[in-house]
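Please treat every number below as a calculation from the coordinates, not as lab data. Worth saying up front: this structure is predicted, and the values here are computed from it rather than measured. So basically every Cβ, Gly included, is an ideal-geometry build from the backbone, and we count neighbours across all protein chains shown.
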Amino acid sequence: METKVGKTKLSLIREDITQQDTEAIVNAANTTLLGGGGVDGAIHRAGGPSILEECKKIRARQGGCPTGKAVITRGGKLKAKYVIHTVGPIWSGGKRNEDTLLRNAYKNSLTLAKNKGIQSLSFPSISTGAYGFPTERAARIALSTIQDFLKRHTFEEVRFVLFSERDLKTYEEAWSDRYSWNVS
Ligand code: APR
């Protein structure tokens with residue numbers, strides 16, 4: 001699915017985020033910044049050791065990356081010039097501020113990209129894999145956060161790269177329901 005939000009192209013696709021040619025791709029990292037499975041593992045494998053080296057330098061400077069925050073490294077061997085590493089919340093029933101932390105992960109990634117002058121970026125479905133966040137709920141939060149951000153800022157493209165047809169459908173349905181969102 002492709003659409004325009006203001007002057008920004010918003011696209012939802014089913015592909016591998018490590019293959020995207022947007023200027024930046026966003027990694028669903030953990031607070032240690034030392035890699036892991038899922039998207040994190042795929043990005044470090046495809047991008048090569050230079051990404052982990054830069055993450056270790058960030059750790060030496062500021063410790064890890066708190067949940068909801070984001071840091072940026074170069075992309076190593078990836079087509080993308082940059083990787084924005086953000087940490088989504090671990091789902092624990094929705095009573096531990098998970099919605100706000102997920103919103104912050106998207107907002108801080110977008111802000112970091114904007115401040116760096118990055119014009120196009122790709123997001124995975126943050127927190128909906130190992131961290132167990134319900135995909136429908138995450139999709140509404142992700143898309144409403146991006147829609148809000150794009151009311152004030154413009155990119156060339158913001159791309160959602162889903163890893164399964166089911167997740168793509170969930171995000172497309174969430175987007176078509178946008179007029180009924182009442183996410184706080
Ligand atoms: N491209 C796009 N999406 C992918 C890819 C890929 N190559 N690989 C996995 N995904 C999807 C998953 O299917 C899921 O929908 O990314 C989404 C997020 O899943 P995870 O990678 O498990 O991320 P998350 O749920 O945020 O958990 C983060 O997992 O890998 C560890 O180090 C990471 O501890 C952190 C935790």
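Rounded if a/c is under 1.5, else prolate if a/b beats b/c, else oblate: with a ≥ b ≥ c from the C-alpha gyration tensor eigenvalues square-rooted, which is the range 10-65?
Since a/c reaches 1.5 and a/b is larger than b/c, the shape of the range 10-65 is classed as prolate.
This ranking places 99, 177 by how few other beta-carbon atoms lie within 10 Å of each, fewest first, which gives 177, 99. The simple spin-label model puts a point 7 Å past each Cα toward its Cβ; for residue 166 and residue 60 those points are separated by 4.3 nm. With the alpha-carbon atoms of the chain aligned to their principal axes, the span from lowest to highest coordinate is 44, 36, 30 Å, starting with the largest.
What value does the range 34-98 have for Rg/Rh, both radii from Cα atoms and Rh as Kirkwood defines it?
1.02
Model label sites at residue 111 and residue 45, defined 7 Å from Cα along the beta-carbon direction, differ in position by 3.4 nm. Potential lengthening of the chain between residue 154 and residue 130 amounts to 5.5 nm, from the contour at 0.36 nm per residue minus the alpha-carbon distance.
Given R0 = 22 Å, the distance between the Cβ atoms of residue 81 and residue 4 translates into a calculated FRET efficiency of 0.35. Based on the alpha-carbon gyration tensor of the range 139-184 and its eigenvalue square roots a ≥ b ≥ c, which shape applies: rounded if a/c is under 1.5, prolate if not and a/b is larger than b/c, or oblate? The shape class here is oblate.
Remark: the range 1-131 carries a charge dipole of roughly 400 debye about the Cα centre, counting +1 on each Lys and Arg Cβ and -1 on each Asp and Glu Cβ. Taking the number of Cβ atoms within 10 Å of each Cβ as an exposure proxy, the fewest-first ranking of 109, 92 is 92, 109.
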